[in-house]
1. Evaluate the relative contact order of the chain (contact order divided by residue number), counting alpha-carbon pairs under 8 angstrom at least 6 apart; express in whole percent.
2. How far is helix 4-14 tilted off the main Cα axis of the chain, in degrees rounded to 10, range 0 to 90?
3. Could you work out how far the C-alpha centroid of segment 1-53 sits from that of segment 65-111, in angstrom?
4. Going 7 Å from the Cα of A46 toward and past its Cβ, which residues in segment 80-95 have a backbone nitrogen under 18 Å from where you end up?
5. What angle, in degrees between 0 and 90 and rounded to the nearest 10, separates the Cα long axis of helix 34-47 from the longest principal axis of the Cα atoms of the chain?
6. Arrange the residues D35, D101, D87 by how much accessible surface each exposes, largest first, with a 1.4 angstrom probe.
7. Rounded, prolate or oblate for the chain? Axes are the square roots of the Cα gyration tensor eigenvalues, ordered a ≥ b ≥ c, and the cut-off for rounded is a/c under 1.5.
8. How much length is gained on full extension from S17 to N108, taking 0.36 nm per residue of separation minus their Cα-Cα distance?
Amino acid sequence: MMNIYQSIAGIMSEGYSIAKEKRNQQQGFMYRGIDDVMNTFQPLMAKYKVFCVPEVISQSREERTTSRGGNLIYSILHMNYTFYAEDGSHITASVIGEGMDSADKSSNKAM
C-alpha cells in the first residue's frame, strides 16, 4: 500500500495544469471552474485511493449592502481538508476562504 505522500505524488505526476478558461461576465476576469477541477482530480483520487474529509473549524458571516442597494452575504471560513490514503495515513491542509453571494452560496464559495 502507498502512504499519503506517495499517493499524492502519484496524483500530481498524472495531473495537469487546469487553465482558466471560464470568464466572469460581470467583472470580466478568467477563472477555472470547480467542475473542471473535480473532473480532473476525482478519477486520479479514485485510482490512488485517496479521499478528502473537509472540516469547518470556524465561520463568520455578515450581511453587506451593494452599491446598488442589494444584499450580499459575506462568509469567512477556516477549513481543514484532511486527505487519507488507503493505509490510513493522512495529511491536513488548513486554509482560510472568503465568499460573497446574494443568495445561499457564500459558504460554498468560501470552501
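The values are calculated or read from the model by the stated rules, or taken from the named source; none is laboratory data. Bear in mind the structure is a predicted one, so any value in this text is a computation, not a measurement. Because the Cβ atoms are built from the backbone with ideal geometry, glycine has one as well, and the counts that use them run over all protein chains shown. All accessible areas refer to the heavy atoms of the entire protein, side chains included, with ligands and DNA or RNA removed. Shrake-Rupley method; radii C 1.70, N 1.55, O 1.52, S 1.80 Å.
1. 24
2. Here the helix axis deviates by roughly 80 degrees.
3. Between the Cα centres of segment 1-53 and segment 65-111 lies a distance of 17 Å.
4. Only 84-86 pass the distance filter.
5. 20
6. Numbers: D35 105, D101 20, D87 70 Å².
Result, largest first: D35, D87, D101.
7. Numbers: a/c = 3.75, a/b = 1.72, b/c = 2.19.
Cα axes put the chain in the oblate bin.
8. 30.5 nm
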